[in-house]
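Asker: Mind having a look at this structure? Questions to follow.
The values are calculated or read from the model by the stated rules, or taken from the named source; none is laboratory data. Only a predicted model underlies this, so the values are computations on that prediction, with no experimental measurement involved. Neighbour counts run over all protein chains shown; Cβ positions are idealised from the backbone, glycine included.
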Amino acid sequence: MSGGDKLDFEIRPNPAPVSAADRAALLANPGFGRVFTDHMVTIRYADGKGWYDARVEARAPIPMDPAAAVLHYAQEIFEGLKAYRTGDGSVTMFRPEANAARFVASARRLAMPELPPETFLESLRRLVEIDREWIPEHEDGSLYLRPFMFASEVFLGVRPANEYLYCVIASPAGAYFAGGVKPVTVWVSPDYTRAAPGGTGAAKCGGNYATSLAAQAEAIEAGCDQVVFLDAVERRFVDELGGMNVFFVYDDGTVVTPPLSGTILPGITRDAILMLAGEAGHTVRESPVSFADWQADAASGRLREVFACGTAAVITPIGGVRFPDGEFLIGGGEPGRTTMALRQKLVDIQRGRTADPHHWVTRVL
Ligand SMILES: *Cc1c(COP(=O)(O)O)cnc(C)c1O
């Protein structure tokens, strides 16, 4: 990367965008991840040349050689964040610079080139600018942004590729919990782990998700919504869910989440909740939680609430836990008070409905 000089984006508006009427129909009930906007951002990278050919263009299939490295060795990383429409017509994002920094960290772990954070942020702003009509008006709606990067070099040798494509697409999202927040039941997988020490657990890469899918299928088979993974070494301590971090709330008000040990994805929602819980007067700890303690503390009543968190759903209460030898409920299977208060606080900050003392919300348009 030739440091310093700013990348110019070539803007090529979609010549055949979705009509306003069709867009309105799509936005009425977009669900998650099925509806996409008219445009995408692409930026190319080649060793020796750096980042080049930045474009905002019509969203379209990406032609790819069957020997493109990503199709064989899975050199791919991604991010996920939301753009919100505010009451005064401006557009905001929640801590996008944290996503930019994490994208750099993920790139390092996957031996990929680092996209400068200012280019990452500019790419998001450009896409939201041209597709701003796609941000749902609904007060629970948002435009989910999906930046990603993959090895595009045509080569079957095993080494870091020397050509990459960075891309951003956008997908309008409705209320995650239409009809009220509903607790989920999680499956504690006896067979599978998600990430080992020294592995890629702390990087946001597609490969982590690929390896979680068999466990997720097992969870569904067991009548659960999501899988929770235990540590890969002792199979004792709770790591996280397939795509969400996890928190425990005790009867003395203590809030605990597993520490960032290298096998857990450093969630931006997780980080915000640690801060907000402390400010709300909770004792906050990042420390290991064993599955044995989880069971025992749920049985004794000491453990009052458990929830999962991440950008897509913000906070999801966990009402039930299943494992091969049995199952138990948390808080009678109902969403807990602390869970819902933290959720409300965070959503209100994200939506600009309450003070934002940490300057987490960035106005982008
Ligand atoms: C993205 C992700 C999270 C949540 O991160 P946020 O920044 O809060 O969205 C948690 N776990 C995994 C495995 C993830 O990929």
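Asker: Looking at the stretch 258-278, can you tell me whether even one residue there is away from the ligand (no atom under 16 Å from the Cβ), assigned by TED's automatic domain parsing to the domain that holds LEU241 and either in contact (Cβ under 8 Å) with a residue 60 or more places away in the chain or of a type in the set (Phe, Trp, Tyr) (or both)?
Answerer: Pass one, the stretch 258-278, residues away from the ligand (no atom under 16 Å from the Cβ): 278.
Of the ones still in play, those that are also assigned by TED's automatic domain parsing to the domain that holds LEU241 are 278.
Next, only the ones that are either in contact (Cβ under 8 Å) with a residue 60 or more places away in the chain or of a type in the set (Phe, Trp, Tyr) (or both) stay: none.
Scanning the stretch 258-278, I find no residue that is away from the ligand (no atom under 16 Å from the Cβ), assigned by TED's automatic domain parsing to the domain that holds LEU241 and either in contact (Cβ under 8 Å) with a residue 60 or more places away in the chain or of a type in the set (Phe, Trp, Tyr) (or both), so the answer is no.
Asker: Then there's this: Out of the stretch 165-189, which residues are in contact with a Lys or Arg (Cβ under 8 Å, 6 or more places away or on another chain) and over 30 Å from LEU124 (Cβ atoms)? Please lay out each step first, then the result.
Answerer: Step one: of the stretch 165-189, the residues in contact with a Lys or Arg (Cβ under 8 Å, 6 or more places away or on another chain) are 165-166, 168-171, 173, 181, 185-188.
Those that are in contact with a Lys or Arg (Cβ under 8 Å, 6 or more places away or on another chain) and over 30 Å from LEU124 (Cβ atoms): THR185, VAL186, TRP187, VAL188.
Asker: Separate question: Being closer than 30 Å to GLY50 by Cα, of a type outside the set (Ser, Thr, Tyr) and not in a loop (DSSP other than H, G, I, E, B) is true for just one of VAL168, VAL158. Which residue is that? Steps first, please.
Answerer: Details: VAL158 fails: not in a loop (DSSP other than H, G, I, E, B).
Going through VAL168, VAL158 in turn, just one is closer than 30 Å to GLY50 by Cα, of a type outside the set (Ser, Thr, Tyr) and not in a loop (DSSP other than H, G, I, E, B): VAL168.
Asker: Also, quick follow-up: For the stretch 120-160, name all the residues that are buried (at least 19 other Cβ atoms within 10 Å of the Cβ) and β-branched (Val, Ile, Thr).
Answerer: VAL128, ILE130, ILE135
Asker: Is it the case that the stretch 14-29 has a residue that's in contact with a strand residue (DSSP E or B) (Cβ under 9 Å, 6 or more places away or on another chain) and closer than 26 Å to ARG102 by Cβ?
Answerer: no
Asker: With respect to THR200, determine if the residue is in the same structural domain as ALA341 (by TED's automatic domain parsing), of a type in the set (Val, Ile, Thr) and within 27 Å of MET112 (Cβ to Cβ). Break it down stepwise before answering.
Answerer: On the way: in the same structural domain as ALA341 (by TED's automatic domain parsing): yes; of a type in the set (Val, Ile, Thr): yes; within 27 Å of MET112 (Cβ to Cβ): yes.
Taking the combined requirement at face value, the residue satisfies it.
Asker: Among helices (runs of 4 or more DSSP H) lying entirely in the stretch 257-365, which contain 1 or more residues that are of a type in the set (Ser, Thr, Tyr) and more than 17 Å from the chain's Cα centre (by Cα)?
Answerer: Details: elements: 268-279, 291-300, 337-350.
The qualifying helices (runs of 4 or more DSSP H) are 291-300, 337-350.
Asker: Here's a follow-up. Checking VAL249 against (1) within 11 Å of the ligand (Cβ to nearest atom); (2) closer than 17 Å to MET340 by Cβ: exactly one of these is not met. Which one?
Answerer: Result: VAL249 passes all but (1).
Asker: Further question on the same structure: Quick one: would you say THR119 is under 16 Å from PHE148 (Cβ atoms) and outside any loop (DSSP other than H, G, I, E, B)?
Answerer: yes
Asker: Which condition does LYS345 not pass, out of (1) away from the ligand (no atom under 16 Å from the Cβ); (2) among the charged types (D, E, K, R); (3) touching a helix residue (DSSP H, G or I) at 6+ places or on another chain (Cβ under 6 Å), if it passes all the others?
Answerer: In the conditions (1) away from the ligand (no atom under 16 Å from the Cβ); (2) among the charged types (D, E, K, R); (3) touching a helix residue (DSSP H, G or I) at 6+ places or on another chain (Cβ under 6 Å), LYS345 misses (1) alone.
Asker: Pick from the stretch 105-119 the residues that are of a type in the set (A, V, I, L, M, F, W, C) and more than 16 Å from the ligand (Cβ to nearest atom): which of them is surrounded by the fewest Cβ atoms within 10 Å (Cβ to Cβ)? Give the steps one after another, and end with the answer.
Answerer: In the first step, residues of the stretch 105-119 are kept if they are of a type in the set (A, V, I, L, M, F, W, C); the result is 105, 107, 110-112, 115.
Imposing the further condition that a residue be more than 16 Å from the ligand (Cβ to nearest atom) reduces the set to 111-112, 115.
On the way: ALA111: 11, MET112: 24, LEU115: 23.
The selected residue is ALA111.
Asker: For the stretch 330-365, name all the residues that are in contact with a strand residue (DSSP E or B) (Cβ under 6 Å, 6 or more places away or on another chain) and exposed (fewer than 14 other Cβ atoms within 10 Å of the Cβ).
Answerer: GLY333, ARG363
Asker: Give the residue that is surrounded by the most Cβ atoms within 10 Å (Cβ to Cβ), with candidates limited to residues of the stretch 299-317 that are under 20 Å from SER142 (Cα atoms) and either touching a His at 6+ places or on another chain (Cβ under 8 Å) or among the hydroxyl-bearing types (Ser, Thr, Tyr) (or both).
Answerer: THR316
Asker: Please tell me if GLU327 is acidic (Asp, Glu), surrounded by 19 or more Cβ atoms within 10 Å (Cβ to Cβ) and under 18 Å from PHE248 (Cβ atoms).
Answerer: Numbers: acidic (Asp, Glu): yes; surrounded by 19 or more Cβ atoms within 10 Å (Cβ to Cβ): no; under 18 Å from PHE248 (Cβ atoms): yes.
Criteria not met by GLU327.
Asker: Limited to the stretch 55-82, what total is found for residues that are within 23 Å of ASN14 (Cα to Cα), out of contact with any Lys or Arg (no Cβ under 8 Å at 6 or more places or on another chain) and not charged (D, E, K, R)? Walk me through it before giving the result.
Answerer: The first filter runs over the stretch 55-82 and keeps only residues within 23 Å of ASN14 (Cα to Cα), leaving 55-64, 82.
Retained after the next criterion (residues that are out of contact with any Lys or Arg (no Cβ under 8 Å at 6 or more places or on another chain)): 59-64, 82.
With the extra rule that they be not charged (D, E, K, R), the set shrinks to 60-64.
Selection size over the stretch 55-82: 5.
Asker: On to the next question. Only one of (1) assigned by TED's automatic domain parsing to the domain that holds ARG102; (2) within 16 Å of the ligand (Cβ to nearest atom); (3) farther than 29 Å from THR119 by Cα is not met by GLU139, so which one is it?
Answerer: Unmet condition: (2).
Asker: How many residues, within the stretch 199-221, are near the ligand (Cβ under 9 Å from one of its atoms) and in a helix (DSSP H, G or I)?
Answerer: Matching residues across the stretch 199-221 total 3.
Table: residues versus (1) hydrophobic (A, V, I, L, M, F, W, C); (2) in contact with a Leu (Cβ under 8 Å, 6 or more places away or on another chain); (3) modelled with pLDDT under 95; (4) buried (at least 19 other Cβ atoms within 10 Å of the Cβ).
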position: ASN162; (1), (2), (3), (4): no, no, no, no
position: TYR166; (1), (2), (3), (4): no, yes, no, yes
position: PRO172; (1), (2), (3), (4): no, yes, no, yes
position: PHE177; (1), (2), (3), (4): yes, no, yes, no
position: ASP191; (1), (2), (3), (4): no, no, yes, no
position: GLY206; (1), (2), (3), (4): no, no, no, no
position: LEU213; (1), (2), (3), (4): yes, no, no, no
position: ALA219; (1), (2), (3), (4): yes, no, no, yes
position: LEU230; (1), (2), (3), (4): yes, no, no, yes
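Asker: Could you tell me how many of the residues in the stretch 73-104 are in a strand (DSSP E or B) and away from the ligand (no atom under 11 Å from the Cβ)? Step through it out loud before you land on a result.
Answerer: Initial filter on the stretch 73-104 (in a strand (DSSP E or B)): 76-78, 81-85, 91-94.
Still in the running and away from the ligand (no atom under 11 Å from the Cβ): 76, 83-85, 91-93.
Here the count works out to 7.
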